[in-house]
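> I have a structure here, written as structure tokens, and I will follow up with some questions on it.
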Amino acid sequence: MSKLHFERHGSGPALILIHGWGLNGAVWQPVTELLAEHFSVYLVDLPGFGHSPAIEPLSLDGMVQAITAQVPERAIWLGWSLGGLVAKYAAIHQPQQVAGLITVASSAHFIAKSEWPGIQAKVLDGFASGLQQDFKKTLQQFLAIQAMGSDQAKQDIKLLRELLATRPLPQLSALEQGLALLQSQDLRDELAQISMPWLQLYGRSDALVPKAAMQQHAELHPAATQYLFASSSHAPFISEKQLFAEKVLGFARSIVV
């Protein structure tokens with residue numbers, strides 16, 4: 001298996017940061033310095049994104065295997081959006097690797113169903129069609145949705161676009177398969193298997209993982225801790241970076257000696 005691209009910053013307990021669909025490890029730049037004061041921060045480019053080679057086919061299991069091959073055991077795994085699915089899968093299937101779990105704007109199942117808040121299926125279908133026509137334009141539209149509703153949406157969108165541009169654009173096959181994972185994966189029945197401490201972070205104005213999903217996740221895993229960022233949409237680590245770092249540090253201090 002080809003090695004993924006990683007960057008490491010700081011020293012201390014290992015903290016693995018896993019980005020979402022369409023982006024790369026550079027998206028964490030706004031909080032990297034804040035977190036590196038307390039952790040060994042590992043920024044990964046998922047397969048086919050940024051500088052990392054693709055894995056065919058792209059799967060949650062394949063991504064977890066590729067990450068665990070290059071990071072310390074007993075790390076804190078922090079996953080955003082699609083990265084949250086990866087982190088949850090690791091917590092369920094490789095629990096010896098995960099000392100603590102943090103998910104950011106991430107759902108056990110992203111598609112809206114009866115009595116399950118999520119993304120309307122037609123929205124992701126539209127992105128899938130857009131990838132075939134103009135994947136760069138589709139990426140830009142997706143970035144705009146991620147910041148929509150935050151207190152500083154224009155600045156957030158601008159920064160997301162700038163961070164994406166610092167590394168190679170994702171490969172089309174990785175975008176297509178990553179989107180298919182968002183459309184198809186459903187970990188709801190497996191959440192009860194998560195045994196380590198879990199912090200779930202949400203944005204009040206998130207259009208992709210609506211705040212209404214908090215209650216359903218609380219019912220599926222009552223032991224998890226939840227927090228809602230009042231001024232954020234889908235990317236609270238950009239909109240409220242100082243508070244985000246404080247929440248991560250507070251959680252880590254409760255589980256890491």
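The values are calculated or read from the model by the stated rules, or taken from the named source; none is laboratory data. Not measured: the values here are computed from a predicted model. We place every Cβ from the backbone using ideal geometry, glycine too, and count neighbours over all the protein chains shown. Quick note on the areas: whole protein, heavy atoms, side chains included, nothing else; ligands and nucleic acids left out. Shrake-Rupley method; radii C 1.70, N 1.55, O 1.52, S 1.80 Å.
> Using only the alpha-carbon atoms, what does the chain span along each of its principal axes? Please give whole angstrom values in decreasing order.
Extents along the principal axes: 50, 41, 34 Å.
> Given points 7 Å out from each Cα along the Cα-Cβ axis, report the residue 190 to residue 93 separation in nanometres with one decimal.
0.5
> Sticking with this one: Where does each of 74, 253 land when they are ordered by accessible area, with a 1.4 Å probe and the largest first?
253, 74
> Also, quick follow-up: For segment 98-215, what D do you get in µm² per second when you plug the Kirkwood radius from alpha-carbon pairs into Stokes-Einstein at 10 °C and 1.306 mPa s?
101
> So if each residue of separation counts as 0.36 nm, and I subtract the Cα-Cα distance between residue 123 and residue 33, what length gain in nm does that give?
28.9 nm
> What Rg and what Dmax come out for segment 40-129 when only alpha-carbon atoms are used, in angstroms?
Rg, Dmax (Cα atoms, Å): 14.3, 41.
> Okay, next question. Pick out, from 32, 232, 155, the residue whose Cα sits farthest towards the positive end of the charge dipole of the chain, with +1 on the Cβ of Lys and Arg and -1 on the Cβ of Asp and Glu.
Working it through, the farthest residue towards the positive pole turns out to be 155.
> Another question about this same structure. Relative to the Cα centre, what is the charge dipole magnitude of the chain, using +1 at the beta carbon of each Lys and Arg, -1 at the beta carbon of each Asp and Glu, and rounding to the nearest 20 debye?
It works out to roughly 320 debye.
> When we measure straight from the Cα of residue 211, which lysines land under 22 angstrom away, once same-chain ones fewer than 8 places off are left out?
Hits, sequence-local ones excluded: 88, 113, 122, 154, 241, 247.
> Need the C-alpha centroid separation for segment 85-160 versus segment 204-227, integer Å.
A separation of 14 Å, based on Cα centres.
> Here's something else I'd like to know. Once every DSSP H run of n ≥ 4 in the chain is given -39500 (n - 2.57) and the sum is divided by its residues, what mean residue ellipticity at 222 nm do you get, rounded to the nearest 500 deg cm²/dmol?
The helix contribution divided over the chain gives -13000 deg cm²/dmol.
> So how do 96-109, 79-92 stack up, highest first, on mean other-Cβ count within 10 Å?
In descending order of packing, they fall as 79-92, 96-109.
> Of all GluC sites (Glu not before Pro) in segment 1-46, which ones are in loop regions per DSSP and have a Cβ with at most 14 other Cβ atoms within 10 Å?
Sites meeting the loop and neighbour criteria: 37.
> With +1 assigned to the C-beta of every Lys and Arg and -1 to the C-beta of every Asp and Glu, and no other charges, what is the dipole magnitude of segment 81-140 about the Cα centre in debye, to the nearest 20?
Values: 5 positive and 3 negative charges, 16 e Å.
For segment 81-140, the charge dipole is close to 80 debye.
> Separation between the residue 155 and residue 137 pseudo-spin-labels, each 7 Å from Cα along Cα→Cβ, expressed in nm?
Each label point lies 7 Å from its Cα, and together they span 3.1 nm.
> Rank by packing, highest mean first: peptides 14-20, 216-222, 206-212, with packing defined as the count of other Cβ atoms within 10 Å averaged across residues.
Descending mean neighbour count gives 14-20, 206-212, 216-222.
> Identify the residues of segment 101-138 with backbone N under 12 Å of a label point that sits 7 angstrom from the Cα of residue 169 along the Cα-to-Cβ direction, or state none.
Hits in segment 101-138 for residue 169 at 12 Å: 131-138.
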